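K.L.:
One structure is given below, represented as structure tokens, and several questions about it will come after.
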Amino acid sequence: MARAEGNLQGLGNSLQQTIHNLDPAIAPIYNLPLKTVVTERALFLPRVTAVLSGVFAFIALTLAVIGLYGVVSYT
């Protein structure tokens with residue numbers, strides 16, 4: 001992980017050169033994702049789970065209200 005300010009154009013080349021200087025046996029890195037991309041990918045599954053839970057909770061609440069209305073109207 002690297003932190004940089006300003007222009008990010010030369011950051012990829014600088015990182016690749018530094019990594020290559022540390023260990024030449026490491027394969028070149030062609031894709032350097034930004035922190036926002038990594039965070040979005042990491043939070044995708046929990047976000048989908050939360051949305052689905054909310055949808056199912058809304059459906060359950062709607063069915064409970066309909067059931068209570070039916071019981072009250074019958075009596």
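The values are calculated or read from the model by the stated rules, or taken from the named source; none is laboratory data. Here the structure is a predicted model, which means the values were calculated and not measured. Glycine also receives a Cβ, built like all others from the backbone with ideal geometry; neighbour counts cover every protein chain displayed.
K.L.:
Quick check on Thr49: is it under 22 Å from the mean Cα position of the chain (by Cα) and within 18 Å of Ala2 (Cα to Cα)?
P.N.:
So Thr49 fails the test.
K.L.:
Quick check on Thr62: is it surrounded by 10 or more Cβ atoms within 10 Å (Cβ to Cβ), β-branched (Val, Ile, Thr) and out of contact with any Cys (no Cβ under 6 Å at 6 or more places or on another chain)?
P.N.:
yes
K.L.:
Given the options Thr62, Thr49, Thr75, Thr39, name the one that is over 30 Å from Ser14 (Cα atoms), modelled with pLDDT under 95 and out of contact with any Gly (no Cβ under 9 Å at 6 or more places or on another chain).
P.N.:
Result of the check over Thr62, Thr49, Thr75, Thr39: Thr75.
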